Ligand SMILES: Cc1cc2nc3c(=O)[nH]c(=O)nc-3n(C[C@H](O)[C@H](O)[C@H](O)COP(=O)(O)OP(=O)(O)OC[C@H]3O[C@@H](n4cnc5c(N)ncnc54)[C@H](O)[C@@H]3O)c2cc1C
């Protein structure tokens with residue numbers, strides 16, 4: 001590592017940290033990036049093995065990653081080891097914290113679904129009183145979304161719907177809808193529900209990550225040093241000025257304790273790790289709201305139906321296949337009365353098979369059922385919004401430390417009737433739409449997965465105009481310490497039903513340009 005004082009220390013190298021490095025270095029600002037994980041080499045770190053060579057035949061080794069439903073034997077090493085970096089949650093309410101520690105963070109693995117938030121989320125207090133307004137609106141963030149969409153090559157169909165703001169999409173062609181998707185669209189439209197297409201980042205060669213879209217340009221400036229395996233345990237404060245002056249970190253393998261100096265700190269360690277670091281440092285929390293208003297999206301609700309004409313492999317060409325995406329359609333008008341506020345989207349795909357659990361059968365009879373229903377299914381799932389609540393929070397659990405002696409987080413999160421009622425409405429709506437399409441319902445669940453499962457944790461350092469009720473100002477800058485910026489999703493005030501990464505990237509871009517300007521003017 002170069003032994004020099006950098007202008008800016010960036011903690012974390014995922015989407016949020018990568019964007020900060022990209023912007024700051026191209027403005028001539030020298031940056032040091034510390035990341036807790038190793039660099040990943042796609043050639044070196046992957047092997048091809050047949051399923052029968054794996055001791056658990058591809059399933060997750062029991063007990064190894066109990067909170068990571070996504071883990072299996074094919075990807076087990078990409079997730080943070082829960083023994084090495086533990087966290088705790090209430091005994092009666094689970095929280096699934098799904099983490100990646102690698103240079104590039106989660107950007108290696110995300111599913112690339114790419115949405116803007118709308119003013120239904122930015123101005124939530126005005127819409128339904130569920131949560132506070134953000135200190136910014138869509139108009140403030142729109143130019144940054146456009147630039148991010150350009151870098152990430154987002155594809156999508158423009159609709160002109162206020163709850164589903166259009167973006168700066170690459171030219172996108174969607175193959176003609178299958179008969180089943182057309183039927184679903186017709187039935188939804190009859191009920192006033194608009195049907196669109198998924199929006200996603202194409203990136204380059206199938207990868208839309210920090211390591212291929214953001215960090216290369218930053219490294220090319222010669223202004224960025226990246227240090228992997230560097231776990232930041234505490235931020236350093238100058239006792240005379242109250243400003244940050246760097247950080248203490250531990251080298252992952254040797255456990256050597258080290259220190260770095262910097263004029264500014266940008267935190268981009270992912271919502272909960274950034275918050276953990278701030279809480280462990282005991283700073284920037286004069287409001288007392290740090291750690292509070294934790295959110296993520298409701299996943300788990302799904303309905304599966306079968307199209308009779310497609311059974312026994314008799315589907316005519318064009319009947320099955322393809323997908324539809326239904327952005328939020330509930331509670332868009334103040335006159336609409338439901339037993340919940342907020343909304344959800346529907347993600348519908350046609351042409352899959354049935355799961356064994358759908359049938360009260362086993363052995364040969366079950367085999368026949370599965371064969372008969374293969375390719376005949378239409379599946380609908382949802383992403384729903386959770387309301388931001390003060391009670392849902394993280395705090396430090398001093399009784400538990402990680403492998404490097406850093407105190408762990410405790411997560412205290414409970415769903416309310418709003419989440420349960422929203423989930424029930426979503427399952428009932430999907431069922432009704434599928435039945436009206438003429439399909440047989442095979443399975444319906446209105447149970448939400450445990451919070452955290454969406455891997456979209458947000459909040460805990462929320463932004464706002466009032467330093468008494470928020471941690472950051474509208475530029476992602478700490479109200480308390482002007483040379484501290486937090487650019488990940490911890491800044492979010494509401495979470496929406498939309499996957500968060502386009503908003504994380506846009507906020508990080510906007511915050512980094514603000515920081516660069518403050519540094520140019522000499523106010524930081
Ligand atoms: C399987 C999967 C699918 C997903 N699909 C989507 C999707 O379709 N659409 C969408 O919008 N989002 C999706 N997401 C979520 C998306 O990946 C995240 O929102 C986004 O990548 C978060 O970026 P980040 O930079 O804030 O955090 P991260 O990517 O988590 O990066 C944080 C970095 O900080 C480092 N770090 C943590 N603690 C420390 C410390 N103490 N010291 C030093 N470094 C530290 C970590 O090693 C990590 O590299 C998905 C995620 C996963 C895993």
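In the stretch 214-222 there is no residue matching the filter, namely being over 27 Å from the mean Cα position of the chain (by Cα), within 21 Å of residue 4 (Cβ to Cβ) and assigned to a strand (DSSP E or B). Of the listed requirements (1) within 15 Å of the ligand (Cβ to nearest atom); (2) under 18 Å from residue 15 (Cα atoms), residue 472 misses just one: (2). Note on the stretch 128-140: among residues that are in contact (Cβ under 8 Å) with a residue 60 or more places away in the chain and touching a helix residue (DSSP H, G or I) at 6+ places or on another chain (Cβ under 7 Å), the one that is surrounded by the most Cβ atoms within 10 Å (Cβ to Cβ) is 134.
Conditions (1) buried (at least 20 other Cβ atoms within 10 Å of the Cβ); (2) under 17 Å from residue 481 (Cβ atoms); (3) within 11 Å of the ligand (Cβ to nearest atom), marked per residue:
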{"residue": "193", "(1), (2), (3)": "no, no, no"}
{"residue": "209", "(1), (2), (3)": "yes, no, yes"}
{"residue": "235", "(1), (2), (3)": "yes, yes, yes"}
{"residue": "255", "(1), (2), (3)": "no, no, no"}
{"residue": "262", "(1), (2), (3)": "yes, yes, no"}
{"residue": "280", "(1), (2), (3)": "no, yes, yes"}
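Being within 16 Å of the chain's Cα centre (by Cα) and within 16 Å of the ligand (Cβ to nearest atom) is a property that residue 154 lacks. Pairing residues of the stretch 200-219 that are on the phi > 0 side of the Ramachandran plot and touching a residue at least 12 places away in the same chain (Cβ under 8 Å) with residues that are part of a loop (DSSP other than H, G, I, E, B) and away from the ligand (no atom under 12 Å from the Cβ), at Cβ distances under 8 Å and at least 6 apart in sequence or on separate chains, gives 203/153. Residues in the stretch 185-213 that are out of contact with any strand residue (DSSP E or B) (no Cβ under 8 Å at 6 or more places or on another chain) and part of a helix (DSSP H, G or I): 186, 187, 189, 190, 210, 211.
Looking only at the stretch 101-115, count how many residues are closer than 12 Å to residue 203 by Cα and either near the ligand (Cβ under 6 Å from one of its atoms) or in a loop (DSSP other than H, G, I, E, B) (or both). Adding up the residues that qualify gives 6. At least 2 residues being modelled with pLDDT of 95 or more and under 17 Å from residue 198 (Cβ atoms) is the threshold, and among the helices (runs of 4 or more DSSP H) wholly inside the stretch 116-161 those reaching it are 138-152. Within the stretch 424-440, residues that are surrounded by fewer than 16 Cβ atoms within 10 Å (Cβ to Cβ) have Cβ atoms under 9 Å from residues that are modelled with pLDDT under 95 and not in a helix (DSSP H, G or I) in no pair, counting only partners at least 6 apart in sequence or on another chain. Annotation note: Cβ proximity below 6 Å between a residue of the stretch 87-102 that is under 29 Å from residue 211 (Cβ atoms) and a residue that is in a loop (DSSP other than H, G, I, E, B) and within 7 Å of the ligand (Cβ to nearest atom) (sequence gap 6+ or interchain) occurs for 98/455; 101/36; 101/37; 102/37.
Only a single item in (1) at pLDDT below 95; (2) more than 28 Å from the chain's Cα centre (by Cα) is not met by residue 333, and it is number (2). Of all the listed residues (37, 17), the sole one being crowded, with 24+ Cβ neighbours inside 10 Å and within 14 Å of the ligand (Cβ to nearest atom) is 17.
A count restricted to the stretch 408-466 and to residues that are more than 30 Å from residue 281 (Cβ to Cβ) and within 16 Å of the ligand (Cβ to nearest atom) stands at 1. Screening residue 87 against (1) out of contact with any helix residue (DSSP H, G or I) (no Cβ under 9 Å at 6 or more places or on another chain); (2) surrounded by 14 or more Cβ atoms within 10 Å (Cβ to Cβ); (3) more than 29 Å from residue 148 (Cβ to Cβ) leaves a single unmet condition, (1).
The values are calculated or read from the model by the stated rules, or taken from the named source; none is laboratory data. This one's a predicted model, so the numbers in the text were calculated from it and none came from an experiment. Cβ coordinates were reconstructed from backbone atoms using ideal geometry, including for glycine residues, and neighbour counts include every protein chain displayed.
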